[in-house]
1. Quick check: at a probe of 1.4 Å, how many percent of the accessible area of the chain sits on carbon and sulfur atoms?
2. Enter the angle in degrees (range 0 to 90, nearest 10) between the Cα long axis of helix 219-231 and the first principal axis of the Cα atoms of the chain, meaning the one along which they spread out most.
3. Based on the Kirkwood radius over alpha-carbon pairs, what value in µm²/s does the Stokes-Einstein equation return for the translational diffusion coefficient of the range 198-342 at 10 °C and 1.306 mPa s?
4. Is the range 301-341 rounded, prolate or oblate when judged by the Cα gyration tensor, a ≥ b ≥ c being the square roots of its eigenvalues, rounded requiring a/c under 1.5 and prolate requiring a/b larger than b/c?
5. Applying 1/(1 + (r/R0)^6) with R0 = 30 Å to the Cβ-Cβ distance of residue 41 and residue 184, what FRET efficiency is obtained, to the nearest 0.05?
6. Quick check for you: with a 1.4 Å probe and neighbouring chains kept, what is the accessible area per residue of the range 244-342, in Å²?
7. Above 25 angstrom, tally the Cα pairs of the chain and express them as a % of all pairs, no decimals.
8. What net charge do the residues around residue 138 carry, taking every other residue with its C-beta under 12 Å from that of residue 138, with Lys and Arg at +1 and Asp and Glu at -1?
Amino acid sequence: MNASSVRPVLKTLALAALLAAGAAHAEGRYVLISHAPDSDSWWNTIKNSVKQAGEDYGVTVEYRNPANGDLADMARLIEQAAAQNVDGVITTIADFNVLQGALKKVTDKKIPLITINSGTTAQSEKLGAIMHVGQPEYEAGKGAGERAKAAGVKSFLCVNHYATNPASFDRCRGFAEAIGADFKKSTIDSGDDPTTIESKVSAYLRQNAGTGAVLTLGPTSAHPTLKALEKGGQAGKLWFATFDLSDEIGKGIKAGTIQFGIDQQPYLQGYIPVAVMATMKAQKTSDIKKVSEAIQANAKTKARFAEYGLAPAFGARHIGSGPGFVTKDTLPKVEKYAGQYR
(Lines give C-alpha, C1' and ligand atoms only; values in the text may rest on other atoms or scores of the structure.)
Protein backbone atom coordinates (compact mmCIF):
# COMPACT_ATOMS: atom_id res chain seq x y z
CA MET A 1 0.00 0.00 0.00
CA ASN A 2 1.54 3.36 -1.02
CA ALA A 3 1.49 6.61 0.96
CA SER A 4 -1.31 8.13 -1.08
CA SER A 5 -3.61 5.20 -0.32
CA VAL A 6 -2.67 5.18 3.37
CA ARG A 7 -3.69 8.81 3.97
CA PRO A 8 -7.43 8.31 3.28
CA VAL A 9 -7.44 5.24 5.54
CA LEU A 10 -5.78 7.20 8.34
CA LYS A 11 -8.29 10.03 7.89
CA THR A 12 -11.14 7.53 8.08
CA LEU A 13 -9.71 5.97 11.23
CA ALA A 14 -9.14 9.37 12.78
CA LEU A 15 -12.73 10.38 12.00
CA ALA A 16 -14.05 7.13 13.48
CA ALA A 17 -11.99 7.69 16.62
CA LEU A 18 -13.30 11.25 16.88
CA LEU A 19 -16.90 10.12 16.53
CA ALA A 20 -16.35 7.35 19.06
CA ALA A 21 -14.85 9.83 21.49
CA GLY A 22 -17.79 12.17 21.00
CA ALA A 23 -20.26 9.34 21.57
CA ALA A 24 -18.43 8.26 24.71
CA HIS A 25 -18.37 11.84 25.93
CA ALA A 26 -22.12 12.16 25.47
CA GLU A 27 -22.92 8.88 27.19
CA GLY A 28 -24.85 9.08 30.40
CA ARG A 29 -27.33 7.18 32.53
CA TYR A 30 -30.60 8.90 33.33
CA VAL A 31 -33.70 7.85 35.22
CA LEU A 32 -37.27 9.06 34.76
CA ILE A 33 -39.47 8.37 37.79
CA SER A 34 -43.22 8.87 37.47
CA HIS A 35 -46.05 8.64 39.99
CA ALA A 36 -48.17 6.48 37.69
CA PRO A 37 -49.27 2.94 38.57
CA ASP A 38 -48.60 0.15 36.06
CA SER A 39 -52.25 0.27 35.01
CA ASP A 40 -52.05 3.83 33.63
CA SER A 41 -51.55 3.39 29.88
CA TRP A 42 -51.18 7.15 29.30
CA TRP A 43 -47.53 6.90 30.34
CA ASN A 44 -46.71 4.61 27.41
CA THR A 45 -46.12 7.73 25.32
CA ILE A 46 -43.50 8.98 27.76
CA LYS A 47 -41.88 5.55 27.87
CA ASN A 48 -41.59 5.70 24.08
CA SER A 49 -40.25 9.25 24.15
CA VAL A 50 -37.42 8.56 26.59
CA LYS A 51 -36.42 5.54 24.54
CA GLN A 52 -36.20 7.65 21.39
CA ALA A 53 -34.43 10.50 23.18
CA GLY A 54 -31.87 8.03 24.44
CA GLU A 55 -31.31 6.80 20.89
CA ASP A 56 -31.04 10.32 19.47
CA TYR A 57 -28.62 11.59 22.12
CA GLY A 58 -26.62 8.41 22.70
CA VAL A 59 -27.55 7.96 26.37
CA THR A 60 -29.25 5.33 28.52
CA VAL A 61 -32.62 6.19 30.05
CA GLU A 62 -34.59 4.02 32.45
CA TYR A 63 -38.27 4.48 33.31
CA ARG A 64 -39.27 3.66 36.89
CA ASN A 65 -42.60 3.94 38.71
CA PRO A 66 -44.39 2.68 41.84
CA ALA A 67 -46.42 -0.33 40.67
CA ASN A 68 -49.53 0.72 42.57
CA GLY A 69 -49.00 4.47 42.39
CA ASP A 70 -47.98 4.71 46.05
CA LEU A 71 -46.09 7.96 46.60
CA ALA A 72 -44.04 6.55 49.47
CA ASP A 73 -42.76 3.95 47.01
CA MET A 74 -42.06 6.73 44.52
CA ALA A 75 -39.98 8.55 47.12
CA ARG A 76 -37.96 5.38 47.68
CA LEU A 77 -37.33 5.08 43.93
CA ILE A 78 -35.97 8.63 43.95
CA GLU A 79 -33.71 7.85 46.89
CA GLN A 80 -32.44 4.73 45.11
CA ALA A 81 -31.60 6.77 42.01
CA ALA A 82 -29.66 9.22 44.17
CA ALA A 83 -27.77 6.36 45.84
CA GLN A 84 -26.90 4.92 42.42
CA ASN A 85 -25.28 8.21 41.38
CA VAL A 86 -27.04 8.39 38.04
CA ASP A 87 -26.18 11.28 35.71
CA GLY A 88 -29.61 12.85 36.02
CA VAL A 89 -33.07 12.38 37.53
CA ILE A 90 -36.33 13.32 35.82
CA THR A 91 -39.43 13.17 38.00
CA THR A 92 -42.96 14.40 38.51
CA ILE A 93 -43.91 16.50 41.54
CA ALA A 94 -46.85 14.30 42.42
CA ASP A 95 -46.87 15.69 45.97
CA PHE A 96 -44.34 18.32 46.95
CA ASN A 97 -44.47 17.54 50.68
CA VAL A 98 -44.07 13.78 50.23
CA LEU A 99 -41.24 13.98 47.69
CA GLN A 100 -39.14 16.98 48.71
CA GLY A 101 -37.01 15.00 51.19
CA ALA A 102 -36.14 12.34 48.64
CA LEU A 103 -35.42 14.95 45.95
CA LYS A 104 -33.09 16.82 48.31
CA LYS A 105 -30.93 13.69 48.34
CA VAL A 106 -30.64 14.07 44.56
CA THR A 107 -29.70 17.73 44.56
CA ASP A 108 -27.39 17.38 47.60
CA LYS A 109 -25.31 15.04 45.45
CA LYS A 110 -25.24 17.62 42.64
CA ILE A 111 -27.18 15.24 40.40
CA PRO A 112 -29.06 17.25 37.75
CA LEU A 113 -32.83 17.27 38.37
CA ILE A 114 -35.63 18.15 35.95
CA THR A 115 -39.28 18.01 36.96
CA ILE A 116 -42.09 17.16 34.55
CA ASN A 117 -45.83 16.74 34.23
CA SER A 118 -47.38 17.52 37.62
CA GLY A 119 -46.37 20.30 39.96
CA THR A 120 -45.63 23.95 39.31
CA THR A 121 -42.63 25.91 38.08
CA ALA A 122 -42.39 27.54 41.52
CA GLN A 123 -42.22 24.13 43.20
CA SER A 124 -39.66 22.98 40.65
CA GLU A 125 -37.42 25.95 41.40
CA LYS A 126 -37.81 25.46 45.15
CA LEU A 127 -36.63 21.87 44.73
CA GLY A 128 -33.52 23.08 42.92
CA ALA A 129 -34.47 21.61 39.56
CA ILE A 130 -32.95 22.86 36.32
CA MET A 131 -36.41 23.39 34.81
CA HIS A 132 -39.97 22.12 34.68
CA VAL A 133 -41.39 20.61 31.49
CA GLY A 134 -45.16 20.33 31.49
CA GLN A 135 -48.58 21.82 31.14
CA PRO A 136 -49.87 24.43 33.62
CA GLU A 137 -52.70 22.39 35.15
CA TYR A 138 -55.00 25.14 36.41
CA GLU A 139 -54.69 27.10 33.17
CA ALA A 140 -55.44 23.99 31.12
CA GLY A 141 -58.57 23.25 33.14
CA LYS A 142 -59.65 26.87 32.91
CA GLY A 143 -59.13 26.90 29.15
CA ALA A 144 -61.36 23.84 28.83
CA GLY A 145 -63.93 25.46 31.11
CA GLU A 146 -64.00 28.62 29.02
CA ARG A 147 -64.84 26.53 25.97
CA ALA A 148 -67.58 24.79 27.93
CA LYS A 149 -68.97 28.12 29.15
CA ALA A 150 -69.15 29.33 25.54
CA ALA A 151 -71.26 26.24 24.82
CA GLY A 152 -73.65 27.17 27.63
CA VAL A 153 -72.37 24.76 30.30
CA LYS A 154 -73.06 25.87 33.89
CA SER A 155 -72.45 22.69 35.89
CA PHE A 156 -70.18 19.67 35.52
CA LEU A 157 -68.71 16.51 36.98
CA CYS A 158 -64.93 16.18 37.23
CA VAL A 159 -63.85 12.53 37.32
CA ASN A 160 -60.49 12.39 39.09
CA HIS A 161 -58.86 8.97 38.78
CA TYR A 162 -55.60 9.99 40.48
CA ALA A 163 -56.69 12.03 43.46
CA THR A 164 -53.51 10.90 45.25
CA ASN A 165 -51.80 13.61 43.19
CA PRO A 166 -52.89 16.98 44.66
CA ALA A 167 -51.98 18.82 41.44
CA SER A 168 -54.70 16.87 39.61
CA PHE A 169 -57.37 18.90 41.39
CA ASP A 170 -56.06 22.08 39.74
CA ARG A 171 -57.55 20.84 36.48
CA CYS A 172 -60.98 20.43 38.05
CA ARG A 173 -60.71 23.74 39.90
CA GLY A 174 -59.75 25.68 36.77
CA PHE A 175 -62.74 24.27 34.88
CA ALA A 176 -65.10 24.95 37.79
CA GLU A 177 -64.02 28.56 38.19
CA ALA A 178 -64.32 29.19 34.45
CA ILE A 179 -68.00 28.18 34.42
CA GLY A 180 -68.81 29.44 37.93
CA ALA A 181 -69.44 26.01 39.48
CA ASP A 182 -68.66 24.70 42.98
CA PHE A 183 -65.34 22.90 42.55
CA LYS A 184 -65.62 20.50 45.51
CA LYS A 185 -69.23 19.48 44.89
CA SER A 186 -68.42 18.88 41.21
CA THR A 187 -65.44 16.57 41.77
CA ILE A 188 -65.32 12.86 42.64
CA ASP A 189 -62.38 10.66 43.59
CA SER A 190 -63.15 7.80 41.23
CA GLY A 191 -60.09 5.61 41.83
CA ASP A 192 -58.50 3.92 38.82
CA ASP A 193 -60.55 0.72 38.54
CA PRO A 194 -62.63 0.90 35.33
CA THR A 195 -65.70 -0.83 36.80
CA THR A 196 -65.68 1.42 39.86
CA ILE A 197 -65.26 4.56 37.74
CA GLU A 198 -68.20 3.61 35.53
CA SER A 199 -70.36 2.91 38.59
CA LYS A 200 -69.45 6.16 40.38
CA VAL A 201 -70.05 8.28 37.27
CA SER A 202 -73.45 6.66 36.68
CA ALA A 203 -74.42 7.18 40.32
CA TYR A 204 -73.37 10.84 40.33
CA LEU A 205 -75.32 11.61 37.16
CA ARG A 206 -78.43 9.88 38.54
CA GLN A 207 -78.20 11.89 41.75
CA ASN A 208 -77.40 15.14 39.92
CA ALA A 209 -79.68 14.96 36.92
CA GLY A 210 -79.06 18.57 35.89
CA THR A 211 -75.31 18.12 35.35
CA GLY A 212 -74.35 19.94 32.16
CA ALA A 213 -70.94 18.43 31.40
CA VAL A 214 -68.33 15.85 32.31
CA LEU A 215 -64.57 16.37 32.47
CA THR A 216 -62.22 13.41 32.85
CA LEU A 217 -58.50 13.65 33.60
CA GLY A 218 -57.16 11.05 31.19
CA PRO A 219 -57.87 7.77 29.37
CA THR A 220 -58.06 5.82 32.64
CA SER A 221 -61.22 7.73 33.61
CA ALA A 222 -62.38 8.74 30.12
CA HIS A 223 -62.92 5.21 28.80
CA PRO A 224 -65.24 3.94 31.58
CA THR A 225 -66.99 7.34 31.75
CA LEU A 226 -67.82 7.04 28.07
CA LYS A 227 -69.27 3.58 28.77
CA ALA A 228 -71.39 5.03 31.56
CA LEU A 229 -72.73 7.73 29.24
CA GLU A 230 -73.46 5.19 26.51
CA LYS A 231 -75.37 2.93 28.90
CA GLY A 232 -77.27 5.92 30.28
CA GLY A 233 -78.22 7.16 26.82
CA GLN A 234 -76.25 10.38 27.37
CA ALA A 235 -73.36 9.86 24.95
CA GLY A 236 -73.38 12.68 22.41
CA LYS A 237 -76.00 14.56 24.47
CA LEU A 238 -74.00 15.49 27.57
CA TRP A 239 -71.07 17.84 26.91
CA PHE A 240 -67.93 15.77 27.53
CA ALA A 241 -64.24 16.65 27.35
CA THR A 242 -61.13 14.93 28.61
CA PHE A 243 -57.48 15.46 29.25
CA ASP A 244 -55.06 13.53 27.06
CA LEU A 245 -55.53 11.24 24.08
CA SER A 246 -55.90 7.56 23.21
CA ASP A 247 -57.32 5.59 20.29
CA GLU A 248 -60.66 5.33 22.07
CA ILE A 249 -60.75 9.04 22.86
CA GLY A 250 -59.93 9.77 19.23
CA LYS A 251 -62.90 7.67 18.12
CA GLY A 252 -65.12 9.57 20.58
CA ILE A 253 -63.99 12.92 19.17
CA LYS A 254 -64.72 11.69 15.64
CA ALA A 255 -68.16 10.44 16.68
CA GLY A 256 -69.00 13.68 18.48
CA THR A 257 -69.41 12.03 21.89
CA ILE A 258 -66.26 13.83 23.13
CA GLN A 259 -65.88 17.54 22.40
CA PHE A 260 -62.08 17.57 22.55
CA GLY A 261 -58.99 16.10 24.14
CA ILE A 262 -56.73 18.43 26.11
CA ASP A 263 -53.33 17.51 24.78
CA GLN A 264 -50.33 18.21 27.00
CA GLN A 265 -48.03 16.61 24.43
CA PRO A 266 -46.59 14.07 26.89
CA TYR A 267 -43.93 12.98 24.43
CA LEU A 268 -42.19 16.29 25.08
CA GLN A 269 -42.23 15.70 28.83
CA GLY A 270 -40.06 12.64 28.38
CA TYR A 271 -37.95 13.61 25.39
CA ILE A 272 -36.97 17.18 26.27
CA PRO A 273 -35.51 16.51 29.74
CA VAL A 274 -33.29 13.77 28.32
CA ALA A 275 -32.20 16.06 25.49
CA VAL A 276 -31.48 18.88 27.95
CA MET A 277 -29.41 16.75 30.32
CA ALA A 278 -27.48 15.00 27.55
CA THR A 279 -26.71 18.33 25.85
CA MET A 280 -25.60 19.95 29.12
CA LYS A 281 -23.26 17.03 29.77
CA ALA A 282 -21.88 16.88 26.23
CA GLN A 283 -21.33 20.65 25.96
CA LYS A 284 -20.30 21.06 29.62
CA THR A 285 -22.64 23.99 30.09
CA SER A 286 -25.50 25.00 32.38
CA ASP A 287 -26.59 27.84 30.09
CA ILE A 288 -30.27 27.00 29.45
CA LYS A 289 -30.51 29.37 26.48
CA LYS A 290 -27.52 27.73 24.81
CA VAL A 291 -28.87 24.25 25.54
CA SER A 292 -32.36 25.10 24.23
CA GLU A 293 -30.88 26.49 21.03
CA ALA A 294 -28.82 23.33 20.54
CA ILE A 295 -31.87 21.12 21.02
CA GLN A 296 -33.96 23.15 18.59
CA ALA A 297 -31.16 22.91 16.03
CA ASN A 298 -30.65 19.17 16.48
CA ALA A 299 -31.61 17.41 13.23
CA LYS A 300 -32.92 14.25 14.90
CA THR A 301 -34.99 16.23 17.38
CA LYS A 302 -36.44 18.45 14.67
CA ALA A 303 -37.38 15.37 12.65
CA ARG A 304 -39.14 13.76 15.65
CA PHE A 305 -41.18 16.86 16.46
CA ALA A 306 -42.11 17.46 12.83
CA GLU A 307 -43.17 13.85 12.33
CA TYR A 308 -45.42 13.79 15.41
CA GLY A 309 -46.71 17.35 15.01
CA LEU A 310 -45.31 18.57 18.34
CA ALA A 311 -44.61 22.16 19.34
CA PRO A 312 -42.87 22.87 22.66
CA ALA A 313 -42.86 26.38 24.13
CA PHE A 314 -39.26 27.17 25.04
CA GLY A 315 -39.09 29.71 27.86
CA ALA A 316 -36.19 31.47 29.52
CA ARG A 317 -35.96 28.57 31.95
CA HIS A 318 -39.00 26.31 31.84
CA ILE A 319 -40.48 24.58 28.78
CA GLY A 320 -44.21 24.27 28.19
CA SER A 321 -45.61 21.12 26.61
CA GLY A 322 -49.25 22.23 26.43
CA PRO A 323 -52.15 22.62 26.52
CA GLY A 324 -53.44 22.03 23.04
CA PHE A 325 -57.07 21.24 22.24
CA VAL A 326 -57.61 18.37 19.84
CA THR A 327 -61.00 18.64 18.14
CA LYS A 328 -62.65 16.83 15.27
CA ASP A 329 -60.99 19.30 12.90
CA THR A 330 -57.46 18.86 14.24
CA LEU A 331 -57.66 15.17 15.13
CA PRO A 332 -56.35 13.83 11.79
CA LYS A 333 -52.98 15.46 12.52
CA VAL A 334 -52.51 13.53 15.74
CA GLU A 335 -54.61 10.36 15.59
CA LYS A 336 -51.96 8.48 13.65
CA TYR A 337 -49.75 8.53 16.75
CA ALA A 338 -52.33 8.60 19.56
CA GLY A 339 -51.27 6.36 22.40
CA GLN A 340 -47.75 6.04 21.02
CA TYR A 341 -46.23 9.49 20.58
CA ARG A 342 -49.24 11.77 21.20
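1. Values: 7880 of 15130 Å².
Ligands and nucleic acids excluded, carbon and sulfur reach 52 percent.
2. 30
3. On the way: Rh = 17.0 Å.
Calculated translational D: 94 µm²/s.
4. Values: a/c = 2.61, a/b = 1.54, b/c = 1.69.
Oblate, because a/c is 1.5 or more while a/b does not exceed b/c.
5. Numbers: r = 29 Å, r/R0 = 0.96.
It comes to 0.55.
6. Details: 4320 Å² over 99 residues.
With the other protein chains kept in place, the range 244-342 gives 44 Å² per residue.
7. Roughly 53 percent, rounded to a whole number.
8. Details: positive: 142, 171, 173; negative: 137, 139, 170, 177.
In short, -1.
The values are calculated or read from the model by the stated rules, or taken from the named source; none is laboratory data. All values derive from a computational prediction rather than experimental measurement. Every residue, glycine among them, receives a Cβ derived from its backbone with ideal geometry; neighbour counts consider all protein chains shown. With ligands, DNA and RNA removed, areas are computed over all heavy atoms of the protein, side chains included. Shrake-Rupley method; radii C 1.70, N 1.55, O 1.52, S 1.80 Å.
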